[in-house]
Structure formats: C-alpha cells, structure tokens
Amino acid sequence: MKRENLIAPESYNIVMEMERYAAERPGRQALIWRDENGASEEVTYGQLMKNVNKIGNVFKEKGLRKGDKVLVMIPRLIAAYETYLAAIKTGIVVIPSSEMLKTKDLQYRITHGEVRAVVSYYPYVDEFKSVREYDQLTLFSVGGAVKGWHNLDALKEKATDELDMADTTRDDVAFLSYTSGTTGNPKGVVHTHGWGYAHLQTAPENWLCITEGDRVWATAGPGWQKWIWSPFLSVLGSGATGFVYLGKFDPKTYLGLLQDLDINVLCCTPTEYRLMAKVDNLADYQLPALHSAVSAGEPLNREVIDTFRHYFNVTVRDGYGQTENTLLLGVMKDMDVKPGSMGKPTPGNDVEIIDEDGHPVPPNEIGDIALKRDSPALFKEYYKDPERTKMTQRGDYYVTGDQASKDEDGYFWFEGRSDDIIISSGYTIGPFEVEDALVKHPSVQECAVVASPHEVRGNIVKAFVVLQEGVEAGSPDLVKKLQDHVKNLTAPYKYPRVIEFIEALPKTTSGKIRRIELRQKEKVEK
Ligand code: ATP
Ligand code: MG
C-alpha cells in the first residue's frame, strides 16, 4: 500500500466510519457485553449511534464545544464506547484514562491537558474530589447518580437522538493520549482524526484479519492506546462485533469465554497469552472458531506461539507500535511466521533500523527502530513539550526509543527498549532474549532481566524470577538449573549471573514490566 493511501480526506471525522455501518447494517450487533457475575447487554450499530447522538447533544447542552478536552474514565462498559464516539463526533478531544489512575495521575492530566470536563464511572468519582480544578470542571457520572455531578444516563434518556457531525478536518485533534509511563512521567501524545484514518487502513484487515461478521475480542481496557487501536477503532471501524468482558483476568475464564462465545479474532497482551499457555488442562478447551490471534505491547514469547499452535491450531502473530503511532511492524495476514520476530513494516510505513547518525544499518545489526516522519501513522507532537518532541527526531526519522535488528528477509527482531539494553564486559545484551529463554523453564512463571552494576564487568545480567506456584525458591540447585537452561538456549555469555526470586514484578497499571524500577534498585544497593 502506498503512503498516500493512509492519508484521510481533508474533511474527516473518525465517527464517519461507524455511521456508515449504522446506515448500511443498523441491526448488526456492534457490542456484546458480559461481566463476571453473568450480567449481559448488547447493542446494535443502529442503537449505538442513536445513543452516541444523545450523549453528544448532552455535551453540547452543557456548554462543551469543539476543541474542548474531556477526560473519560470508564471501565470496560458499552458506555465507554458511546462516550468516546459522542465526544469525537462533536469535535471534543478525548483524554483516555484508565480506571486504575489515582488522584495524582488525574491531577497531572487535568492540569497538563487543560481539561474542561470529566466523564467518570460513578464508583471512581472520589478520586477527582481533591483535584485542584474540581470546582471549575463540568462533571458527568455514568452508571449512578452522584451529588454535584450531572447524571449522564438520565440526561441521555431525555436528549434527542439526532446530531450533526462537527466540521472537523483530518488535522483536528481527536485524542490526547498519555503514554504508559514505563520509563518516566507520562507524555501527552496528540492524535488527529487523520491518524485514526491511517490506523484503520492497516490494522483491522491486514493484522487483526477481521472478516465480515467476525466476533472480535480485544482485551485491552479503555484508557490505553491499545484500547483505541483495537477494541474501539479496529472493531467498530470495520463493522465487526466486539466482545467486551468486565472482570478480573483469569486464564481459565478467558479460555472458557473464547470457547463459549465462538470468538473469531483475539487480541491479547503477551502476559495474558503466557498465562493461558501455562494452564494445565489446555486440551479440555476447543476453539474451532478462532481464526486469528494477535499480540502487542511487549515482546511475545516463542513458548506462547508453540503452545497455541499445538492446542488450537492458530498462530499468534506479533505486532509492534507505540502510543505515539499506530501499528508499525507486524506479522501480517498470509506472511510466513518467524517465531520471535515482530514481522515487517506495515503497509505505507517506512520503518528502518538506523544508527546514531540516522543511516540505515546493514542486515542483522542492532540499531534504533525509526519511522520516516512523513507517515500519517505518526503522532502530531507531545503536547506542550517541543523539546521532547524534538528529542525523538533524527534527520528524516522519528526514533522510537526501541532497538532491534532486521534480517536479510526484512523481518524485525526486538532487542529491547534503548534504556533496558545491558552492556556487560563489552557485550550488548537485550533482556528479552534472556527472559524468553528463562520463561521456557517449567519452574518459571514470569521474569525480568536487567543490568546490575559490577566492578569488573561494568554490568552483569541479573534476573528477577517469579516462580510457578508450588516451586520453592530454596529448592537445591534451582539457580544453577535455571542458569544452565539459559546457557543451553542462548549464547552462554548472556546467562544471568545473579538470580533473585521475588513474589511479583513491578508493573505499570497497564501491566507492563517496569525494568527501570529493578535497575534503580540494583544501582542503589551497590
Ligand atoms: P513510556 O513511553 O511512558 O515510558 P511506554 O513506552 O511503555 O511508556 P506505550 O506507548 O504504551 O508506552 O508502549 C510502547 C512500547 O511498548 C514500545 O516502545 C515498546 O517498547 C513496547 N512494545 C510494543 N509492542 C511491542 C512488541 N510487539 N514487542 C516488543 N515490545 C513492544
Ligand atoms: Mg514510550
């Protein structure tokens, strides 16, 4: 696909896509919702867009205008979809917020993002009460009435279900998305309607492989860019039916739902896949409807690919991207899979591995993953932070901050975040390869590998390991066994010279491993 094909028409609003499906097939299910207590709900495209129009009218009645920013904190509920669509259709900018955010995180976004209004699920409203701007905000509660807040459900009931679309262009802002904060303060990433269009040209068909009438389960939660990518834009922007599950992650529950709901397309995090692959009675589950399964957000372990192939006859395909862009690399439909590789550049995106001077490096050499800056899949800027925006630029390229190599066939192999790379005795070691080897060991549930300062070697490779239930950290020779296991699977100099057993790994609220915390701990202790 040519780059030009990723460019939206001048006058464009993302919601035009959903409106098209609502007009063509009003009776098709848009969303099927369930919670862990068995409650369920469904909505068709026709009903969904009527609700969207009603909420849009409420926003307008309460004084919100095109360009205003609204922070939305709703969990996996149909109301999240309706609220986002209503804001976007009205030209309001959405600040997606996970329900896991606390007052301090909300304060940061509200001040930095100059938030005008908040829409929150009612149980979370207390988190907002000590925010400095509380009295100036227009507040809406969802799911229940709250004193001092507009009751969005009640107002929606009374509102009219017709709404004109705001006259947005492809350059108007649709989302102000804050990054996960894996390596520091979250950054405010500015995305336009045109970015949403570029995403829709690649991800749903080529990567997720959504076909007409598919039932798609993308497990990310609202508030994360991955939710915007997959369950929100890719599902509703391709006329598919989204399955939404509100409940705790439990591998057996997930497998049961995949089976009972005949899910056709699955999009999960590597951690979810990993924990499902470790379930002891996988042979009891049958998933004949599942024809496509993808993973993104963190490296995907080979173990997962092998297990899913063996039991379910489906190849889990990896995809790489960031809050700042959309899917940049992926194992696309009909591509030969090289297990462990993130695949190739997505159509229309010029992705390269470059050196410090901004020149592409030869095959199999490690460098920075970079994207040509003219791609419509790239964000506009970091909000109010020109310096940080500038730091990502090298010549014609945007530099992702991740390192990888590319083989002769053009497949990309992830090395690690630039900050996570370990340099030991002059060797450069990507933590992921060591982690990938370690999790293959039956005693290991999860692990993270970091650099630990060392007098002679500069750094040594250290692994933090969470053991499988029932395995004792004190069992004889366990450390030696794990080290030998890694030496057998990777170049021996990469093995972890130190292994520490811990109860749980530090993670971001989106579930990503924060190696930075472990690294800092090592520095302090030395
Ligand atoms: P912050 O930028 O605030 O530190 P973050 O980078 O974790 O947080 P996101 O934008 O959510 O925030 O995550 C993008 C990052 O996730 C990528 O830069 C990369 O490090 C990692 N990532 C995404 N997909 C993959 C993948 N398929 N394989 C390996 N790593 C991945
Ligand atoms: Mg980042």
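The values are calculated or read from the model by the stated rules, or taken from the named source; none is laboratory data. Keep in mind the model is a prediction, meaning the values are calculated, not measured. All Cβ positions, even for glycine, are placed from backbone atoms using ideal geometry, and neighbour counts span all protein chains on display. With ligands, DNA and RNA removed, areas are computed over all heavy atoms of the protein, side chains included. Shrake-Rupley method; radii C 1.70, N 1.55, O 1.52, S 1.80 Å.
For the reader, a short list of remarks on this structure follows.
- For the pair residue 487 and residue 473, label points projected 7 Å from Cα toward Cβ lie 2.4 nm apart.
- The long axis of helix 302-312 is offset from the longest Cα principal axis of the chain by roughly 60 degrees.
- Once all protein chains are placed together, residue 485 keeps about 40 Å² accessible to a 1.4 angstrom probe.
- In this rough spin-label picture, where each label sits 7 Å from Cα along the Cβ direction, the residue 284-residue 356 distance is 5.6 nm.
- If R0 equals 56 Å, the separation of the Cβ atoms of residue 154 and residue 364 corresponds to a calculated FRET efficiency of about 0.35.
- Estimated FRET transfer efficiency when R0 is 45 angstrom, pair residue 66-residue 393 (beta carbons, to 0.05): 0.90
- The alpha-carbon atoms of the chain, seen along their principal axes, cover 69, 54, 48 angstrom, with the largest extent given first.
- Cα shape, region 421-524, gyration tensor, a/c 1.5 rule: oblate
- Here the relative contact order of the chain, from alpha carbon pairs under 8 Å that lie six or more residues apart, stands at 12 percent.
- Cβ-placed point charges (K, R +1; D, E -1), dipole of region 190-264 about Cα centre in debye, nearest 20: 280 debye
- Residue 111/residue 260 FRET efficiency (R0 35 Å; Cβ-Cβ; nearest 0.05): 0.20
- In this structure the amide hydrogen of residue 317, modeled in the peptide plane, comes within under 5 Å of the amide hydrogens of 293, 294, 295, none closer than 5 places in sequence on its chain.
- Computed from backbone phi with θ = phi - 60° and the Karplus coefficients 6.51, -1.76 and 1.60, the 3J(HN,Hα) list for region 483-490 is 5, 4, 4, 5, 4, 6, 9, 10 Hz; x is used for glycine and proline.
- Percent of beta bridges antiparallel (DSSP, the chain, rounded to nearest 5): 55 percent
- With all protein chains in place and a 1.4 Å probe, the accessible surface of region 333-430 carries 44 percent carbon and sulfur.
- Per-peptide average of other Cβ atoms within 10 Å, ordering 195-202, 443-450, 421-428, 242-249 highest first: 195-202, 443-450, 242-249, 421-428
- Angle between the chain longest axis and helix 515-525 axis [Cα atoms, degrees, rounded to 10]: 50 degrees
- Annotation: the antiparallel percentage among DSSP beta bridges lying fully within region 276-397 is about 75.
- Packing-based order for 387-400, 205-218, using average beta carbon neighbours within 10 Å, highest first: 205-218, 387-400
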